[in-house]
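Reviewing the structure listed below.
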Amino acid sequence: MHDTVPGRRPVLRLASDADVHGEIIRGLRRRLPEIDLVRAQDALPEGTPDPAVLAWAATENRVLITNDRNTMVGFAYQCVAAGELIPGLIATTNEQSLGFAIDDILVIAEYMPEEEIRDQVVVFLPFRG
């Protein structure tokens, strides 16, 4: 169940992998203090392989934020192809400013329904060029 603030839609439950810049995590928490965000490295042993991080996020029903476009995105699509459910993946990039990345993640967390992000599997940032 999502925590809600009166007058506000439920916010997606999020997780971040070890590749996400710490300033993004701090910025998300500063801008939306009620955000439900868990860092994978705080919940899983160090060096947990990407497929296990994805499986953990699915078990926890958390949309996973990653900056790893090389392997994590591929593993997400492999999971879907194998019939496994994933709660969705938000793929950031080093090409985007931290402030814009925070803005885009907050738009997704606050306004994208769980069903929509699951259907898209991966949402690539940035939203703007």
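Using the Cα centre of the stretch 14-124 as the reference point, and only Cβ charges (+1 on K/R, -1 on D/E), how large is the resulting charge dipole? Debye, rounded to the nearest 20.
Approximately 200 debye in magnitude.
Given the convex hull of the Cα atoms of the stretch 14-124, what is a quarter of its surface area in nm²? Before the final figure, lay out the partial values.
Details: hull surface 25.3 nm².
Reported value for the Cα convex hull: 6.3 nm².
Hey, with R₀ at 22 Å, roughly what FRET efficiency would ALA82 and ASP36 work out to, going by the Cβ-Cβ distance, to 0.05?
0.20
Arranged by the count of other C-beta atoms within 10 angstrom, fewest first, what order do LEU125, LEU54 take?
Values: LEU125 20, LEU54 24.
By the 10 Å Cβ count, ascending, the order reads LEU125, LEU54.
All of the numbers you see were taken from the coordinates with simple rules; none came from a lab. Quick caveat, the model's predicted, so the values are computed rather than measured. Positions of Cβ are generated from backbone atoms using ideal geometry, with glycine treated the same way; all protein chains shown enter the neighbour counts.
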